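Shown next, in structure tokens, is the structure this report addresses.
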Amino acid sequence: MAIITLTTDLGSKDFYQAALKGSILSILPTANIVDVTHEVPSFNISHAAFVLKNVYPYFPKGTVHLIGIDSVFSENTKYIALKHKDHFFVGADNGIFSLLFNEKPDEIVELNIMQDLKYLHFPLVDIFVKAATQLAKGAKLRDIGVPTESIEERMLLNPVIERDIIRGSVIYIDTFCNVITNITKDLFTKIQRNRDFTLYFRKSETITQLSWHYNEVPEGEKLCLFGISNHLEIAINKGKASGLLGLHLNDIIRIEFHP
């Protein structure tokens, strides 16, 4: 059974999400539709990229990932489909794909699917659905578009390294209010070299050791660990770290390594 995942900013209040699923099922009734999330903040492609980047590797090869973020009609935005590590992705070329992958995709096409005039303002339920369902049925990328080499580039703020210091920032806050930073496990290990460290945030707050899991500290105590995303997280066991510690998106954190 063909799998099509959905990552959008449509929310759950209105009829848009249901219209999207209905459009898919009208073309491919046997589709297995999986909601990644519909709660991405409106037009926030960096948020969507972080979520999907940590999700898609868990799906079987051949899965089609439909992305509906900042996908309203625009004469200046291309609609593309691409293949990466045997997964297919369909969405607007608005910079999200440069955030989603660490290397160039295997194959990219600009979609040349004719749009239905009644859906002109909502290409997500027309062009994107047609592309996704054709791919799910086994079509090749060249069947639905014209090969292209380039995608829109968007840059994320990377950690800054100064000798024995890493300066990072908050890039994501999950449903449990765990605070996820842009410091990866690979970067941390490379700079740490088995040394002790102090993590500083919100002026006087510090953490001095890594935890393996959330329950390693007593309930209500703060901790830091590398979660499923392999990014450094600041959390509170059975608590809401973002609110209780006053941490928000783009806040700066600092890690100092000691001799």
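The values are calculated or read from the model by the stated rules, or taken from the named source; none is laboratory data. A quick note: this is a predicted structure, and the numbers were derived from the prediction, not measured. Cβ atoms come from the backbone with ideal geometry, glycine included; neighbour counts cover every protein chain shown. What goes into the accessible areas is simple: the full protein's heavy atoms, side chains included, and nothing from ligands, DNA or RNA. Shrake-Rupley method; radii C 1.70, N 1.55, O 1.52, S 1.80 Å.
Tabulated values for the structure
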quantity: Coil-residue chymotrypsin sites (Phe, Trp or Tyr not before Pro) of segment 188-259, DSSP, other Cβ within 10 Å capped at 15; calculated: 212
quantity: Over segment 122-259: Rg over Rh, Cα atoms, Kirkwood Rh; calculated: 1.16
quantity: Spatially proximal aspartates and glutamates relative to residue 85 (Cα-Cα < 13 Å; intrachain offsets below 8 disregarded); calculated: 103, 106, 107
quantity: Two-decimal Rg/Rh across the chain, once Rg and the Kirkwood Rh are taken from alpha-carbon atoms; calculated: 1.03
quantity: Hz values of 3J(HN,Hα) by residue in segment 95-110 - Karplus curve (6.51, -1.76, 1.60), Gly and Pro given as x; calculated: x, 5, 6, 6, 8, 7, 10, 8, 9, 5, x, 5, 8, 9, 10, 8
quantity: Relative contact order %, the chain, counting alpha carbon pairs below 8 Å whose residues are six or more apart; calculated: 16
quantity: Sites residue 203 and residue 155 - FRET efficiency at Förster radius 25 Å, r taken between beta-carbons, to 0.05; calculated: 0.30
quantity: Convex hull volume per residue in cubic angstrom - Cα atoms of segment 3-147; calculated: 102
quantity: Alpha carbon centroid spacing (whole Å) that separates segment 198-218 from segment 101-175; calculated: 35
quantity: Restricting segment 145-238 to trypsin sites (Lys or Arg not before Pro) in coil, as DSSP defines it, with at most 11 other Cβ within 10 Å; calculated: 163, 193, 195, 203
quantity: Dipole moment magnitude, nearest 20 debye, the chain about Cα centre, only Lys, Arg, Asp, Glu C-beta charged; calculated: 320
quantity: Lys, Arg +1 and Asp, Glu -1 on Cβ, resulting dipole of segment 3-147 about Cα centre, debye, nearest 20; calculated: 360
quantity: Acute angle (nearest 10 degrees) that the helix 127-136 long axis makes with the longest principal axis of the chain, alpha-carbon atoms; calculated: 90
quantity: Accessible area in square angstrom per residue, the chain, 1.4 angstrom probe; calculated: 53
quantity: Folded to 0 to 90 degrees: helix 16-27 orientation relative to the chain principal axis, Cα; calculated: 50
quantity: Placed amide H near residue 169: partners under 5 Å, 5+ positions off or other chain; calculated: 182, 183, 253
quantity: Accessible-area composition of the chain, carbon plus sulfur, in percent [1.4 Å probe]; calculated: 51
